[in-house]
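Take a look at the structure below.
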Amino acid sequence: MKAIAGHDIEPWDYLYYAEKVRKAKYDLDQNELKPYFELHAVRAASFYMAERLYGFVFKQLPKGQVSTFEPDVTTYEVTDKATGKLIGLFYADDFARPGKRSGAWMTTYRSFSKLTGSKPILASNNNNFVKAPDGQPLLISLDDAETLFHEFGHALHYFSSVVTYPSFGNTPRDFVEYPSQVHEHWVLSRPILDGYMKHVETKQPMPQALVDKIEASSTFNQGYATVSYLSSALVDMDLHTQATPPADIDAFEKASLGRLGMPKEIVMRHRLPQFNHLFTSDAYSAGYYSYLWSEVMDADTWAYFEESGDVFNPDIGGRFKSIILAPGNTTDRGDAYRQFRGRNPDVAALLKVRGFPTS
């Protein structure tokens with residue numbers, strides 16, 4: 001990077017020159033990927049994943065059969081493949097519209113509860129895709145496809161719920177993203193690529209050479225990203241272990257980073273004066289680390305499937321559903337993970353995903 005810049009890299013220059021290096025090393029064109037990710041195909045792939053892993057069957061309902069909050073919302077009946085029992089309704093709210101908040105998220109309108117006689121679960125996934133012109137396919141990015149699988153993972157968590165009290169269907173803050181994040185890995189799995197992610201024109205699945213290129217590119221700059229994230233998480237912890245709140249927040253941040261040995265070329269992902277997580281919700285007080293901790297567990301879980309030789313291993317999928325998803329917060333989540341995996345989460349799986357040495 002220094003050779004490209006011709007001078008020492010300052011923090012404000014790092015990402016600019018990192019992008020030049022990325023293009024030189026990988027030259028991954030997102031427009032080359034989009035033809036493989038047509039929205040309806042991606043949605044169908046997510047339903048296939050749910051059926052293979054958990055025995056959920058998603059059947060689209062005719063327009064008007066179920067009332068919706070917006071005409072463009074598509075509804076699906078969710079049933080158990082083995083018994084035919086109705087589990088709930090899934091609402092796909094995919095398109096942007098005036099007044100709709102940005103981003104993507106999952107919402108539950110009615111959670112599972114034994115107290116209410118096991119009424120159908122009502123959940124939605126909400127996106128902000130822009131409609132394609134009439135007669136043209138709606139192509140989305142790889143990042144959007146992974147986000148769709150992620151948010152669908154949250155919905156699957158709720159459809160799997162078996163608890164007496166609805167509030168126990170939730171999980172601790174440092175566990176909540178794990179069951180959703182792990183589902184992102186299936187997007188580029190070979191069965192999904194071969195069955196669903198086919199080029200809209202050639203109808204051919206994504207070649208493995210392109211998959212390898214994507215995976216190689218995904219590890220680029222992970223050293224910077226990891227340090228940037230961890231510095232924010234550790235300073236968050238440092239701040240919340242102070243007996244007396246610091247009077248000068250900038251001075252505290254500088255001293256805290258100094259104790260960590262923060263490289264001058266890298267900046268915190270969130271500087272303290274604008275660290276919204278710390279001020280908008282008590283759930284994230286001393287809890288910013290939870291994103292990475294969830295990644296440790298999801299990487300270790302994906303490794304479990306891969307090591308079995310079948311990314312849809314029915315035994316592992318069934319145990320993930322019954323031990324991790326169904327109980328919600330009725331059991332200790334650390335104990336649940338150890339019961340599922342047979343040990344504590346192994347950080348080596350995350351190091352491998354990020355391209356770091358594991359020994």
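What follows is calculated from the coordinates using simple rules that are stated; it is not laboratory data. Please read these numbers as outputs of a predicted model, since none were measured by experiment. Backbone-built Cβ (ideal geometry, glycine too); neighbour counts: all protein chains shown.
Values for this structure:
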{"item": "Principal axis dimensions, segment 244-353 - Cα atoms, whole angstrom, descending", "result": "54, 33, 20"}
{"item": "Segment 220-287: Rg to Rh, with Rh as the Kirkwood radius over Cα pairs", "result": "0.96"}
{"item": "Highest-fluctuation residue, Trp293, Trp105, Trp12 considered, GNM on the chain with Cα pairs under 10 Å", "result": "Trp12"}
{"item": "Of Lys63/Lys114; Lys59/Lys119; Lys20/Lys198, those spanning more than 20 Å from alpha-carbon to alpha-carbon", "result": "Lys63/Lys114; Lys20/Lys198"}
{"item": "Computed over segment 186-328, the ratio Rg/Rh where both radii use C-alpha atoms and Rh is Kirkwood", "result": "1.11"}
{"item": "Highest-fluctuation residue, Leu39, Leu122, Leu15 considered, GNM on the chain with Cα pairs under 10 Å", "result": "Leu15"}
{"item": "Crossing angle, helix 142-159 versus the chain [Cα axis fit, 0-90 degrees, rounded to tens]", "result": "60"}
{"item": "For segment 49-123, the fraction of alpha-carbon pairs in successive 5 Å shells from zero, as %", "result": "3, 14, 21, 24, 19, 12, 5, 2, 0"}
{"item": "Size of the chain as Cα extents on the principal axes (Å, biggest first)", "result": "62, 53, 46"}
{"item": "Hull shadow area, averaged, segment 291-354 [alpha-carbon convex hull, nm²]", "result": "4.3"}
{"item": "Percentage of interatomic Cα-Cα distances in segment 102-153 larger than 17 Å", "result": "52"}
{"item": "Angle between the chain longest axis and helix 208-218 axis [Cα atoms, degrees, rounded to 10]", "result": "50"}
{"item": "Highest to lowest packing among 43-52, 194-203, 178-187, scored as the average C-beta count within 10 Å", "result": "178-187, 43-52, 194-203"}
{"item": "Degrees, to the nearest 10: 14-25 long Cα axis against longest axis of the chain", "result": "60"}
{"item": "Separation in nanometres of the label points that stand 7 Å from Cα toward Cβ, at Lys119 and Lys85", "result": "1.8"}
{"item": "Rg followed by Dmax, in Å, when segment 1-103 is reduced to its Cα trace", "result": "22.3, 66"}
{"item": "Cα-projected label distance for Thr358 with Thr331, points at 7 Å along beta-carbon direction, nm", "result": "2.6"}
{"item": "Anchor Lys131: aspartates and glutamates whose Cα lies under 14 Å away (excluding residues fewer than 8 positions away in-chain)", "result": "Glu38, Asp72, Asp93, Asp94"}
{"item": "Difference of contour (0.36 nm per residue) and Cα-Cα distance, Lys213 to Val21", "result": "67.6 nm"}
{"item": "Counting all C-alpha pairs of segment 168-248, share separated by more than 16 Å (%)", "result": "73"}
{"item": "For the chain, built as a Gaussian network whose Cα springs stay under 10 Å, the top-fluctuating residue of Gly117, Gly328, Gly169", "result": "Gly117"}
